[in-house]
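K.L.:
Once you've had a glance at the structure underneath, I'll fire off some questions.
The values are calculated or read from the model by the stated rules, or taken from the named source; none is laboratory data. Predicted model, so just to flag it, every value in this text is computed and none were measured. Note that we place each Cβ from the backbone using ideal geometry, even for glycine, and neighbour counts take in every protein chain shown.
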Amino acid sequence: MSETGLFGGAFDPPHVGHVALARAAKEQFGLSRLTILVAERPGHKETYLPASERLELARAAFPDDDVRLDPYARTIDLLRSEPFEDPLFIVGADQFSNFLSWLEPDEVLERARLAVATRPGYERGQLDAVLEELDQPERVLFFDIEANPAASRDVRALAAGGKPLAGLVPDAVAERIRERDLYGAG
């Protein structure tokens, strides 16, 4: 049985770390497909490009997955509104370390299991401290990914300076950033 995998974010822009995390989750949990949710108005961070541009970049980064706009500012609103059957919501360790600040984290775990990607060198104690505060810690699953230095803020800064993005974003994403002068890439 293949599960429903959900991977959300601002994707401003999507980088090779996002792609590697998605690939690792698909392999680890036997997900035949993954739904990539591009947050239209993220409740947790500022975005630099409009949602339509970020959606197109995400489609370029994840050509084999279902990529769509997520109109909800909070994860719990998405999970209450969409008919997912026992979804597996994929997050990075950084996001999970702040999970208790999410709107209704225990309700999120009622409606979805969390798959948390950990990388070498990440302090596991931070994650265990979050687990201890949850009503259903057994609904949190950990999986390992390789370390990846890519970060969207660094990609934006390089693009703004007209620097090459090779190795930081998928080629199709780099091409769109350059062609459209996104982030001041020209």
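K.L.:
Would you mind finding the one in R59, R68 that is over 24 Å from Q136 (Cβ atoms), modelled with pLDDT of 95 or more and in a helix (DSSP H, G or I)?
P.N.:
R59
K.L.:
Please determine whether any residue of the stretch 37-51 is under 19 Å from G17 (Cβ atoms), in contact with a Lys or Arg (Cβ under 7 Å, 6 or more places away or on another chain), modelled with pLDDT of 95 or more and not in a loop (DSSP other than H, G, I, E, B).
P.N.:
Yes.
K.L.:
What number goes with the only condition from (1) in contact with a Leu (Cβ under 9 Å, 6 or more places away or on another chain); (2) surrounded by fewer than 17 Cβ atoms within 10 Å (Cβ to Cβ); (3) modelled with pLDDT under 95 that A93 does not pass?
P.N.:
Tallying (1) in contact with a Leu (Cβ under 9 Å, 6 or more places away or on another chain); (2) surrounded by fewer than 17 Cβ atoms within 10 Å (Cβ to Cβ); (3) modelled with pLDDT under 95, A93 fails exactly one: (2).
K.L.:
With more than 16 Å from F142 (Cβ to Cβ), at pLDDT below 95 and buried (at least 21 other Cβ atoms within 10 Å of the Cβ) as the only criterion, which of L6, L34 stands out?
P.N.:
Going through L6, L34 in turn, just one is more than 16 Å from F142 (Cβ to Cβ), at pLDDT below 95 and buried (at least 21 other Cβ atoms within 10 Å of the Cβ): L34.
K.L.:
Sticking with this structure for a sec: Suppose we filter A39, A61, A20, A25 for residues that are in contact (Cβ under 8 Å) with a residue 60 or more places away in the chain and touching a strand residue (DSSP E or B) at 6+ places or on another chain (Cβ under 6 Å); which single one remains?
P.N.:
Every option except A25 fails the conditions.
K.L.:
Taking V19 as meeting all but one of (1) over 12 Å from the mean Cα position of the chain (by Cα); (2) surrounded by fewer than 22 Cβ atoms within 10 Å (Cβ to Cβ); (3) more than 14 Å from A115 (Cβ to Cβ), write down the number of the exception.
P.N.:
Going through (1) over 12 Å from the mean Cα position of the chain (by Cα); (2) surrounded by fewer than 22 Cβ atoms within 10 Å (Cβ to Cβ); (3) more than 14 Å from A115 (Cβ to Cβ) one by one, V19 breaks only (1).
K.L.:
Before we move on, is R119 crowded, with 18+ Cβ neighbours inside 10 Å, charged (D, E, K, R) and closer than 20 Å to F29 by Cα?
P.N.:
It is false that R119 is crowded, with 18+ Cβ neighbours inside 10 Å, charged (D, E, K, R) and closer than 20 Å to F29 by Cα.
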